[in-house]
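Reading through the structure tokens given below for one structure.
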């Protein structure tokens, strides 16, 4: 996994969008993508939705910590 400061890359076309993330190509970098987390929270299969400022930072940090813990335990995982 390579982590880049997204301010230092040119974002290309959007490849996919889900409830929690948007995935875009990185221009001039074959095979590289930028994953942007959203501040959106949902409930009831999307029946209720709200924006929670800072949620994306917290969820991304939590996700990274979980994958690092799995790697330290010897389980191959990437994020």
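General remarks:
- Residue list for region 52-64, restricted to those being modelled with pLDDT of 90 or more and closer than 16 Å to residue 18 by Cβ: 55, 56
- Taking every residue in region 1-23 that is under 25 Å from residue 43 (Cα atoms) and pairing it with any residue that is loosely packed, with under 11 Cβ neighbours inside 10 Å and at pLDDT 90 or above, at least 6 positions away or on another chain, the pairs with Cβ-Cβ distances below 8 Å are 22/16; 23/16.
- Of everything listed in (1) modelled with pLDDT under 90; (2) touching a helix residue (DSSP H, G or I) at 6+ places or on another chain (Cβ under 9 Å), the single unmet condition for residue 49 is (2).
- Within region 1-17, being under 26 Å from residue 71 (Cα atoms) and either part of a loop (DSSP other than H, G, I, E, B) or modelled with pLDDT of 90 or more (or both) holds for 1, 2, 3, 4, 5.
- Residues that are assigned to a loop (DSSP other than H, G, I, E, B), within 14 Å of the chain's Cα centre (by Cα) and surrounded by fewer than 13 Cβ atoms within 10 Å (Cβ to Cβ), drawn from region 21-77: 54
The values are calculated or read from the model by the stated rules, or taken from the named source; none is laboratory data. Nothing here was measured: the structure is a model prediction, and the numbers come from that model. Note that each Cβ is placed from the backbone with ideal geometry, even for glycine, and that neighbours are counted across all protein chains shown.
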